[in-house]
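The values are calculated or read from the model by the stated rules, or taken from the named source; none is laboratory data. Nothing here was measured: the structure is a model prediction, and the numbers come from that model. Positions of Cβ are backbone-derived with ideal geometry, glycine not excepted, and every protein chain shown enters the neighbour counts. What goes into the accessible areas is simple: the full protein's heavy atoms, side chains included, and nothing from ligands, DNA or RNA. Shrake-Rupley method; radii C 1.70, N 1.55, O 1.52, S 1.80 Å.
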Amino acid sequence: VNSLPLVLVDGDVRLRPFREDDWEVVEPWVTDPRVLRFSDFVEERSLAEVQAIYRGVAPTSELYVIERDGVPVGDGWLQEMNLPRVLDAFPGLRTSRIDLQLAYDVWGQGVGSRAIRLMTARAFERGDDLVFAVGIGNFNERSRRAFLRCGYVPWRRVPQPERGEGAFGHDLICRPALFSGTAPVQPHPGSDGIRAGDRPYGAAVVVYRRVPEVEVLVLHRAGLGPGHEGDWAWTPPAGTRFPAEPVDECAARELHEETGLELDLVPVGTDDDGWATYRAEAPPHATVVLDAEHDRYEWLPVAAATARCRPATVAAGISRAIGPLGSE
Ligand SMILES: CC(C)(COP(=O)(O)OP(=O)(O)OC[C@H]1O[C@@H](n2cnc3c(N)ncnc32)[C@H](O)[C@@H]1OP(=O)(O)O)[C@@H](O)C(=O)NCCC(=O)NCCS
């Protein structure tokens, strides 16, 4: 399919170029329903259908057969980014994506992580700015973890209606500084495991709308219990920054994750605790879609929003971001 002579090696795991006579080699797993369920969200594909997909990908990709101890056990590719949602977010940058699938019998033995690491290193070596894993089904924790192990972190959650109502997938992003180990890292409780070890540690986005008086969006944290009204019960959208993540990207990611909103962000400043605050105006009838971390939201006049949010640093962030607007 492609003729690049490139071979990527990590001990007994070796990625070699996928050749036109490799169809028989890959057929056992690329047509295996147990693999297809995760790689393509389908139960069945003929070899001819698989060939059409690979031939479509090939002109903009490096395709590899993944071998362990000289035995082919999977295949994967490094492809120039083809998704508008990523291309539009990073104009002028060279972005790519990695896709792979292994034979069922070798799952969970570290081969996937090593293949991902090899292809990601190759991408940065050839000059890519950012590498992505896109649309990993939310039921495919094995794949998500394999990418996280290689320095990928969450970028966006994407609806996958073709998999049924409420289904979604994960887009993950890999930035060179985290991949190469030069970005400061701190452990963080939670499923992603890490946060930035340097300032700013996170970002809050004070979202407001004019109806026509100014109202501020506050979210209620589900984990504290539906009746909890004390510290951290109500906050604007906010969250910690990932290592190597630019703080404006952190703010946009948290806003999207917690509310589904994509808005223009205006930086307001960073407080003494190392948290950055942004202000963002939402259209009057913007629809808020909460994530699982929150159980309700309210649009409140500025004074009510600052009274509702505790501790005082949260309220102060709202005042700083929105104070002048509230008295307009
Ligand atoms: C996704 C895939 C490439 C990963 O390769 P792999 O060799 O199985 O993955 P690794 O062994 O390197 O890493 C798997 C990670 O998932 C974890 N894991 C394994 N089984 C798991 C399970 N049932 N549930 C949750 N996590 C699991 C492992 O512990 C490891 O994470 P950790 O190091 O943080 O503990 C491979 O499983 C595969 O081909 N799956 C089917 C096709 C597919 O999903 N392709 C990707 C589409 S986005």
note = The condition of being open to solvent by less than 10 Å² (accessible area, probe 1.4 Å) and farther than 14 Å from Gly112 by Cα holds, among Leu87, Leu93, Leu63, only for Leu63
request  = Check region 42-51 and report whether any residue there is within 25 Å of the chain's Cα centre (by Cα), within 13 Å of the ligand (Cβ to nearest atom) and under 24 Å from Leu172 (Cα atoms).
outcome  = yes
Glu62 vs. criteria acidic (Asp, Glu), within 16 Å of the ligand (Cβ to nearest atom) and over 21 Å from Val153 (Cα atoms) = no
request  = Scan region 219-238 and report the pairs whose first residue is under 24 Å from Leu263 (Cβ atoms) and whose second residue is polar (S, T, N, Q), with Cβ atoms within less than 6 Å and a gap of 6+ or a chain change.
outcome  = Pro237/Thr259
note = Among the residues of region 248-262, the number that are open to solvent by less than 40 Å² (accessible area, probe 1.4 Å) and either part of a strand (DSSP E or B) or touching a helix residue (DSSP H, G or I) at 6+ places or on another chain (Cβ under 9 Å) (or both) is 1
task = Could you tell me which residue of region 145-164 is farthest from Glu245 (Cα to Cα), considering only residues that are without any contact (Cβ under 8 Å) to a residue 40 or more places away in the chain and away from the ligand (no atom under 12 Å from the Cβ)?
result = Gly164
query = Can we say Val289 is surrounded by fewer than 16 Cβ atoms within 10 Å (Cβ to Cβ) and over 25 Å from Glu229 (Cβ atoms)?
reply = no
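Being more than 13 Å from the ligand (Cβ to nearest atom) and over 18 Å from the mean Cα position of the chain (by Cα) narrows it down to one residue among Val71, Val86; which is it?
Val71
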ask   = In region 263-285, what count of residues is obtained for those that are at negative phi and open to solvent by 20 Å² or more (accessible area, probe 1.4 Å)?
value = 16
task = Determine, yes or no, whether Asp231 is among the charged types (D, E, K, R), assigned to a loop (DSSP other than H, G, I, E, B) and out of contact with any strand residue (DSSP E or B) (no Cβ under 8 Å at 6 or more places or on another chain).
result = yes
query = Restricting region 108-144 to residues that are in contact with a strand residue (DSSP E or B) (Cβ under 7 Å, 6 or more places away or on another chain) and assigned to a loop (DSSP other than H, G, I, E, B), which is nearest to the ligand (Cβ to nearest atom)?
reply = Asn138
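Quick grid of which residues meet (1) under 19 Å from Arg16 (Cα atoms); (2) in contact with a Pro (Cβ under 6 Å, 6 or more places away or on another chain); (3) not basic (Lys, Arg):
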| residue | (1), (2), (3) |
| --- | --- |
| Glu27 | yes, no, yes |
| Val30 | yes, no, yes |
| Val35 | no, no, yes |
| Phe41 | no, no, yes |
| Ala52 | no, no, yes |
| Gly56 | no, no, yes |
| Pro59 | yes, no, yes |
| Val65 | yes, yes, yes |
| Asp69 | yes, no, yes |
request  = Please list, ordered by first then second residue, the pairs with beta carbon atoms under 8 Å, 6 or more apart or interchain, first in region 33-48 and in a loop (DSSP other than H, G, I, E, B), second hydrophobic (A, V, I, L, M, F, W, C) and buried (at least 17 other Cβ atoms within 10 Å of the Cβ).
outcome  = Val42/Leu36; Glu43/Leu36; Glu44/Leu36; Arg45/Val30; Arg45/Leu36
ask   = When you look at Val42, is it open to solvent by 20 Å² or more (accessible area, probe 1.4 Å), over 27 Å from His256 (Cα atoms) and either modelled with pLDDT of 95 or more or among the β-branched types (Val, Ile, Thr) (or both), yes or no?
value = yes
